[in-house]
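Just so you know, all these numbers are worked out from the coordinates, no wet-lab data involved. Small disclaimer: the values here were computed from a predicted structure and weren't measured. Note: ideal-geometry Cβ built from the backbone for every residue, glycine included; neighbour counts use all protein chains shown.
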Amino acid sequence: MSTEIRLAFAHPSERAEATAQEGPLDRISLRDHIVEIEIGAFQAERGVTQRICFNVVVEVQPLTGPIDDDVDRILSYDRVTEAIAHELSEERLNLLETLAERVAERILLEPQAVRAFVRIEKLDRGPGALGVEIVRGKDMVHHEVEEEERPHPRLVFLSNAAIASDNLTGWIDQLQNRERPLILCVGAADLSAPQTGHAMTQRRIDLLAIEQNAWVLASKDDRCVVVSTRTELSWAMKNGQICVWAPSKIVLDAVDGPSAKPSDAVALAAWFAATFSAGEMLVIGADLPDNPGVLLRSVPVEQSRL
């Protein structure tokens with residue numbers, strides 16, 4: 001077996017040693033760290049957990065001066081496991097590649113870290129281990145989003161009567177003139193959705209019905225942009241766009257998902273507002289749910305000033 005092939009299947013620590021750059025670097029490693037999570041792009045991987053194995057090696061700058069047996073002077077192993085746990089808790093992911101990239105980037109936020117080797121394998125998808133391995137250096141990642149303060153948008157739920165109201169443009173004018181980014185949420189249109197009698201497929205259909213209505217709202221005002229991912233939301237808010245939330249991906253990928261059903265659209269939007277630590281959500285033309293998890297303020301459709 002050639003050296004290249006042997007190294008491809010060797011532990012990341014061997015790859016790190018074989019590809020070491022000039023100058024001495026220390027290495028810390030995490031071997032065979034197994035967690036059970038929900039991950040994967042296939043429908044068969046949704047709603048079930050599987051075992052994922054992490055092997056990570058981090059190259060770090062050697063310390064200058066004595067360590068003095070002081071844990072605060074070194075990059076602790078705990079920081080590696082915490083990086084994994086943090087990324088697993090953020091959202092449900094489809095790809096191991098995405099997870100590996102995010103874990104490497106978080107590790108490389110540490111001042112001592114120079115390079116990160118991250119191997120992740122699925123242990124339950126076949127007779128062997130299926131996985132990916134990446135190598136990232138500090139100069140290969142960007143941390144602008146990581147280091148920025150999380151935005152605190154203003155969330156507004158619009159009932160179907162509000163969407164059809166002559167006041168709609170005026171409300172958007174008023175809301176746009178306020179300092180915080182604006183996210184609009186809607187429920188399904190007043191149309192009968194297909195009924196499957198199957199909880200998981202019905203949830204998908206009901207979420208898609210909300211997204212259809214989001215596009216209806218966007219058609220009524222060119223300032224409104226339908227967004228379905230947190231990356232889209234982040235970019236749109238930074239660039240002053242008015243977002244209309246299409247909920248399917250964020251709801252289905254949430255690690256700690258909403259208890260509210262898509263048919264209870266105001267409660268679903270309130271859950272979404274709580275993920276931004278929103279202080280308040282404005283509800284125009286709809287009844288307020290019990291125990292929403294965020295402060296709600298109701299406005300009737302007939303009221304032109306918000």
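Taking every alpha-carbon pair within the chain, the share separated by more than 38 Å comes to 30 percent. Among L158, V35, N239, pick out the residue whose Cα is farthest towards the positive end of the charge dipole of the chain, where Lys and Arg carry +1 and Asp and Glu carry -1 on C-beta, about the Cα centre. Projecting each Cα onto the dipole axis, the largest value belongs to L158. Using the Cβ-Cβ distance between T169 and L295 with R0 = 25 Å, the FRET efficiency computed as 1/(1 + (r/R0)^6) comes to roughly 0.40. Run down the lysines and flag those whose C-alpha is under 29 Å from the C-alpha of K238, throwing out any fewer than 8 positions away in its chain. Answer for K238, where 29 Å is the Cα cut-off: K138, K220, K249, listed by chain and number.
Each residue of the stretch 86-100 was assigned a 3J(HN,Hα) from its phi angle through the Karplus curve 6.51 cos²θ - 1.76 cosθ + 1.60 (θ = phi - 60°); the sequence is 4, 5, 5, 8, 5, 6, 6, 10, 8, 10, 4, 4, 5, 4, 4 Hz, with glycine and proline shown as x.
Sequentially through the stretch 40-53, phi angles give Karplus couplings (6.51, -1.76, 1.60; θ = phi - 60°) of x, 8, 7, 4, 5, 9, 8, x, 9, 9, 9, 7, 10, 10 Hz, Gly and Pro residues having no value and appearing as x.
Charge dipole (Cα centre; +1 on Lys/Arg Cβ, -1 on Asp/Glu Cβ; no other charges) of the chain amounts to roughly 780 debye. For the pair D190 and Q112 in one chain, pulling the backbone fully straight at 0.36 nm per residue adds 22.4 nm over the alpha carbon distance.
Secondary structure note: in the chain, about 60% of the DSSP beta bridges are antiparallel. Taking label positions 7 Å along the Cα-Cβ direction at both D264 and H11, the computed distance is 5.0 nm, reported to one decimal.
Report the residues of the stretch 157-192 in range of a label on A254: point 7 Å along Cα→C-beta, backbone N strictly under 17 Å from it. So the set is 157-158, 183-188.
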